[in-house]
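What follows is a structure written as structure tokens; I'll ask about it next.
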């Protein structure tokens, strides 16, 4: 239960195809592999990149996670969420 | 004895290279022209080896292992990302000189991390393929990565000192290599942050002015907090530029180009550092 575990999960989702496949098919089962607090898992599952950044997760990881996993894969949508959250 | 015959600072913004050159707008062609200038100058300098100092973007190295500074001493491929017309296969390394830089550094207080096999990202792969390898004189590209994008960061002064260690190692080598050092990094840019797309031209030009004047002091005085405030998290990559300056201490240079367009993520600065004092 740490931001480090969040970064490990996001790193895997950014660079590993098998992680992306697993997350897309069963997010909860995939996220259970990591030492995540329930709220951390929820933020990943819900693509809450603003919330993740508020917990000091690297923006490099949140953007890579979004662009490689979010259904829209839109940088504009990504930035809109951050800006709406006042980041 | 090896010789550092020149240095350059340049950006590595990947978005510039997703558009095929034949489809590029005039402002993008101007940026490509700056890369061409660097390429041509490397050839005119008769460089045999190019050392590219880049930044990982949390792609090559994960949270489990984040090297402070790393050198590729074995096989090298890349870039990791696909760009139209740019290969991803082997990048010839100068293994002998790379290993010498590692050994010389470790004997003199610079404990390099080593990669025996390395697939580089755009920060090293693009300058290698666009500026270095098109020159027939260049037979090897040595990749160096600094912790300049991902926490914990290499202290900026240590990045400068590492440039000096690279220079000392090159000059202590038993070869006649003619070496160019490239510091690869955007200047102001907010990667993955809400301000992504903003630039700070005043900051960018201040950095380039320091490079051209051969004066690292104003850059070494910047705290990371100040850099992020003025130039975003991507601005932390100025460590790579500072490392190149450290390899050519006190040397002055010339501005090649500065470009700043709303569509681009970073302020794009190009400069040459001359070997002659």
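Can you go through B:142, B:101, B:130 and tell me which one is more than 24 Å from residue B:173 (Cα to Cα) and away from chain A (no Cβ under 14 Å)?
Only one candidate qualifies: B:130.
Just one of the numbered conditions (1) part of a loop (DSSP other than H, G, I, E, B); (2) more than 14 Å from chain A (Cβ to nearest Cβ); (3) under 14 Å from residue B:238 (Cα atoms); (4) touching a residue at least 60 places away in the same chain (Cβ under 8 Å) is not true of residue B:189; which one?
Among (1) part of a loop (DSSP other than H, G, I, E, B); (2) more than 14 Å from chain A (Cβ to nearest Cβ); (3) under 14 Å from residue B:238 (Cα atoms); (4) touching a residue at least 60 places away in the same chain (Cβ under 8 Å), the lone unmet condition for residue B:189 is (2).
A further question on this structure: Can you name every residue in region A:41-55 that is more than 14 Å from every other protein chain (Cβ to nearest Cβ) and outside any loop (DSSP other than H, G, I, E, B)?
Result: A:41, A:42, A:43, A:44, A:45.
Helices (runs of 4 or more DSSP H) wholly in region B:217-277 with at least 1 residues that are touching a residue at least 60 places away in the same chain (Cβ under 8 Å) and within 18 Å of residue B:191 (Cβ to Cβ) - which ones?
B:224-231, B:238-246
Right, here's the next one. Specify which of the listed residues (B:197, B:183, B:174) is within 14 Å of chain A (Cβ to nearest Cβ), touching a residue at least 60 places away in the same chain (Cβ under 8 Å) and not in a helix (DSSP H, G or I).
B:197
Within region B:16-28, which residues are surrounded by 13 or more Cβ atoms within 10 Å (Cβ to Cβ) and not in a loop (DSSP other than H, G, I, E, B)?
B:16, B:17, B:28
For residue B:136, are the conditions met, namely being within 16 Å of the chain's Cα centre (by Cα), assigned to a loop (DSSP other than H, G, I, E, B) and either away from every other protein chain (no Cβ under 14 Å) or surrounded by 24 or more Cβ atoms within 10 Å (Cβ to Cβ) (or both)?
Judged against the criteria, residue B:136 is not a match.
When you scan region A:53-62, do you find a residue that is in contact (Cβ under 8 Å) with a residue 40 or more places away in the chain, within 9 Å of the chain's Cα centre (by Cα) and either within 20 Å of residue B:56 (Cβ to Cβ) or surrounded by fewer than 19 Cβ atoms within 10 Å (Cβ to Cβ) (or both), even just one?
yes
Still on this structure: Every residue in region B:40-60 that is surrounded by 20 or more Cβ atoms within 10 Å (Cβ to Cβ) and assigned to a helix (DSSP H, G or I), please.
Hit for region B:40-60 is B:42, nothing else.
Hey, another quick one. Of the conditions (1) at pLDDT below 95; (2) over 14 Å from residue B:143 (Cβ atoms), residue B:68 clears all except one; give me its number.
(1)
Looking at region B:100-120, can you tell me whether even one residue there is on the phi > 0 side of the Ramachandran plot and touching a strand residue (DSSP E or B) at 6+ places or on another chain (Cβ under 6 Å)?
No - not one qualifying residue is present in region B:100-120.
Can you tell me which residue within region A:68-82, out of those that are free of Cβ contacts under 8 Å to residues at least 24 places away in the same chain and assigned to a helix (DSSP H, G or I), is surrounded by the fewest Cβ atoms within 10 Å (Cβ to Cβ)?
Residue satisfying both the conditions and the ranking: A:76.
Continuing with the same structure: State whether one or more residues within region A:16-27 are surrounded by fewer than 21 Cβ atoms within 10 Å (Cβ to Cβ), within 13 Å of another protein chain (Cβ to nearest Cβ) and within 25 Å of residue B:152 (Cβ to Cβ).
yes
Quick check: is even one residue across region A:56-79 within 11 Å of chain B (Cβ to nearest Cβ) and more than 30 Å from residue B:264 (Cβ to Cβ)?
The answer is no; no qualifying residue exists.
The values are calculated or read from the model by the stated rules, or taken from the named source; none is laboratory data. Computed from a predicted structure; not experimentally measured. Cβ atoms come from the backbone with ideal geometry, glycine included; neighbour counts cover every protein chain shown.
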